[in-house]
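Peer 1: Mind having a look at this structure? Questions to follow.
Bear in mind these aren't lab numbers, they're just calculated from the coordinates by the rules spelled out. From a predicted model like this one, the values you see are computed outputs, not experimental measurements. Glycine also receives a Cβ, built like all others from the backbone with ideal geometry; neighbour counts cover every protein chain displayed.
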Ligand code: E4P
C-alpha cells in the first residue's frame, strides 16, 4: 500500500519524505487554509520536495470553472493530480482530464455507487472518506471493502485512496481491505511506528549493551 500524507505543512512533508515512507501528498482547501500559505505556491513547493503524486483541489463547482482551474493546477508541476469533487460536473471534468492524460483524484466519496461512477469516467484515484462516515455512526471501512470488490469485479484501474484516516487502526484496516493508497495525517503516520514492547525492548538492549563495555566502532 502506498502512503500519502494528508497535509499542506511543508515541515511535516520534508520530515516524512526523508524517512523514505512517503509516496505522495494530498491537500484540500481546509488544509491549505490551515497552512495560511498561498495555494499555488505551496503546491509548487510540495511538488519540489515529493516527486510522487500531489493532489491539488479545484475550488470551482461548475464544469467550465473546474476545467479552467484544473488546467492551471496541472501546469504547476508534472506530478500534480487534479482533485475534483464527486458531483456530475466533477465527473464530467474528470472524464475530460482523463482524455487529456491528466491525473485526477475524485474526492468526497461516501458510497459504492459514487466510486463506480468515478471509475467509469476514468479517475486515477477515488477518495472514500472513512473517518467522516464513522463520525455519523456508519462503518467507513465497509465502503473500502465494497469498492475493492466492485473494482475487482470489472477490472477497473482506478486506485482506491483511503482518505479521512483518523487512527493507526484505520491504516491497518484499509490495508486489510485492499486500499491501494492511504492518505494519512502526519500525527497518525508518526503513531504507526510506536509499540510499547519495541520501546521496552530497546531500553533493555541499551542497558545490557552498556554493561558489556564494548563499542562497535
Ligand atoms: C483527503 O483527500 C482529505 O484531504 C482528507 O483525508 C479529509 O480528512 P478529514 O475528514 O479528517 O478532514
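Peer 1: Please report, in Å, the Rg and the Dmax of the chain, where both are computed over Cα atoms only.
Peer 2: For the chain, the Cα radius of gyration and maximum Cα-Cα distance read 19.5, 71 Å.
Peer 1: Same structure again: Report the relative contact order of the chain, percent, no decimals, based on alpha-carbon pairs under 8 angstrom and at least 6 residues apart. Present the calculation step by step, with values, prior to reporting the outcome.
Peer 2: Values: 372 pairs, mean separation 35.8, N = 217.
Computed value for the chain: 17 percent relative contact order.
Peer 1: Ok, one more. Run the simple label-point estimate for residue 153 and residue 15 please: 7 Å along Cα→C-beta, distance reported in nm.
Peer 2: 4.4 nm
Peer 1: Taking only the alpha carbons of the stretch 1-112, what extent do you get along each of the three principal axes, in Å, biggest first?
Peer 2: 38, 31, 25
Peer 1: Tilt of helix 39-49 relative to the longest C-alpha principal axis of the chain, in degrees (0 to 90, nearest 10)?
Peer 2: 50 degrees
Peer 1: Now for a different question. Find how much the distance from residue 78 to residue 193 grows on full extension, using 0.36 nm per residue of separation minus their present alpha carbon separation; answer in nm with one decimal. Working shown, then result.
Peer 2: Working: separation 115, 0.36 × 115 = 41.40 nm, distance 3.15 nm.
This chain segment gains 38.3 nm when fully extended.
Peer 1: For the stretch 124-217, calculate the relative contact order in percent as a whole number, restricting contacts to Cα pairs under 8 Å that are 6 or more residues apart.
Peer 2: Relative contact order comes out at 26 percent.
Peer 1: Using mean Cβ contacts within 10 Å as the protection proxy, how do 195-203, 61-69, 153-161 order, highest first?
Peer 2: Ranked from most to least packed, the peptides come out as 153-161, 61-69, 195-203.
Peer 1: While we're here: What FRET efficiency would be calculated for the residue pair residue 203, residue 44, taking the C-beta separation as r and a Förster radius of 41 Å, to the nearest 0.05? Don't jump to the answer; show the numbers that get you there.
Peer 2: Values: r = 43 Å, r/R0 = 1.06.
That pair, residue 203 with residue 44, gives E of 0.40.
Peer 1: Give the peptides 33-39, 98-104, 183-189 in descending order of average Cβ contacts within 10 Å, highest first.
Peer 2: So the peptides 33-39, 98-104, 183-189, ranked by packing, come out 183-189, 98-104, 33-39.
Peer 1: Out of all DSSP beta bridges in the stretch 85-217, what portion is antiparallel? Express it as a percent rounded to 5.
Peer 2: Percentage antiparallel, nearest 5: 0.
Peer 1: OK, next. Assuming 0.36 nm per residue, please report the length gained on full extension of the stretch residue 167 to residue 59 beyond their Cα-Cα distance.
Peer 2: Answer, rounded to one decimal: 36.1 nm.
Peer 1: So what is the 222 nm mean residue ellipticity for the chain from helices alone, if each DSSP H run of at least 4 adds -39500 (n - 2.57) and you divide by all residues, rounding to the nearest 500 deg cm²/dmol?
Peer 2: Only helices count here, giving -16000 deg cm²/dmol.
Peer 1: Follow-up. On C-alpha positions alone, give me the angle between the axis of helix 63-76 and the longest principal axis of the chain, in degrees, nearest 10.
Peer 2: Helix 63-76 and the main axis of the chain meet at about 40 degrees.
Peer 1: By per-residue mean of other Cβ atoms within 10 Å, what is the highest-first order of 125-131, 107-113, 47-53, 209-215? Walk me through the intermediate numbers first.
Peer 2: Details: 125-131: 24.7, 107-113: 18.3, 47-53: 16.6, 209-215: 7.9.
So the peptides 125-131, 107-113, 47-53, 209-215, ranked by packing, come out 125-131, 107-113, 47-53, 209-215.
Peer 1: What is the distance in Å between the Cα centroid of the stretch 167-195 and that of the stretch 1-36?
Peer 2: 14 Å
Peer 1: Full-extension gain between residue 175 and residue 137, please, as 0.36 nm times their residue separation minus the C-alpha to C-alpha distance.
Peer 2: Answer, rounded to one decimal: 11.5 nm.
Peer 1: With a bin width of 10 angstrom, please list the P(r) values of the stretch 127-217 as percents of all Cα-Cα pairs, from the 0 bin to the one holding the largest distance.
Peer 2: Calculated over all Cα pairs of the stretch 127-217, the distribution is 15, 34, 20, 13, 11, 6, 0 percent.
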